[in-house]
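Engineer: Okay, handing you the structure first.
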Amino acid sequence: MATTTKVLARTAAATSSATLYTAPNTSTLAIVTNIVLSNAATSASTATIAIDGVTIVPAVSIAANTLIGFDLKQVIPANNPAKTITGFASTTAVSIHISGVEIN
């Protein structure tokens, strides 16, 4: 089994739910290890992240010009249909950074 450390998502947040990552195929599983949300706005913002439709970061508030981080181990199993990570924020000034590993 090959294990590859990856950036699963690194993007400015959309203001409505958008796909951030899709597991590549039915023989590869992914493990989310870190999520960092940064807010470059001058006022507080919120962000929501879900894995396969289950919210893991529920409209968390991010203070102006700060970041918050989550260390976790969430498995996205190899499966058909493909599993996804989705997310959005109250402003596009929020950046989403998700790291993890893919195992195949």
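Engineer: So, in the stretch 67-76, how many residues would count as being over 18 Å from A18 (Cβ atoms) and surrounded by 12 or more Cβ atoms within 10 Å (Cβ to Cβ)? Can you show your working first?
Structural biologist: As a first pass, look at the stretch 67-76 and keep what is over 18 Å from A18 (Cβ atoms): 67-75.
Then drop every residue that is not surrounded by 12 or more Cβ atoms within 10 Å (Cβ to Cβ), which leaves 67-68, 70, 72, 74-75.
Of the residues in that region, 6 qualify.
Engineer: In the stretch 10-47, which residues are β-branched (V, I, T), part of a strand (DSSP E or B) and over 26 Å from I103 (Cα atoms)? Before the answer, list the steps.
Structural biologist: Within the stretch 10-47, the first condition is being β-branched (V, I, T), and the residues that meet it are 11, 15, 19, 22, 26, 28, 31-33, 35-36, 42, 46.
With part of a strand (DSSP E or B) added as a condition, the list becomes 11, 19, 22, 31-33, 35-36, 46.
Within the stretch 10-47, T46 is the sole residue that qualifies.
Engineer: Here's another thing I want to ask about it. Kindly provide the set of residues from the stretch 2-38 that are basic (K, R) and within 15 Å of I49 (Cα to Cα), ordered by number. Walk me through it before giving the result.
Structural biologist: Taking the stretch 2-38 and keeping what is basic (K, R), we get 6, 10.
Once the filter is applied, which keeps residues that are basic (K, R) and within 15 Å of I49 (Cα to Cα), the stretch 2-38 yields only R10.
Engineer: Within the stretch 26-56, take every residue that is in contact (Cβ under 8 Å) with a residue 60 or more places away in the chain and within 19 Å of S90 (Cα to Cα) and give me the one that is surrounded by the fewest Cβ atoms within 10 Å (Cβ to Cβ).
Structural biologist: Taking the candidates together, the pick is V36.
Read-outs throughout are calculated quantities, based only on the coordinates presented, and are distinct from any laboratory measurement. The model shown is predicted, which means the values in this text are computed figures rather than measured ones. Backbone-built Cβ (ideal geometry, glycine too); neighbour counts: all protein chains shown.
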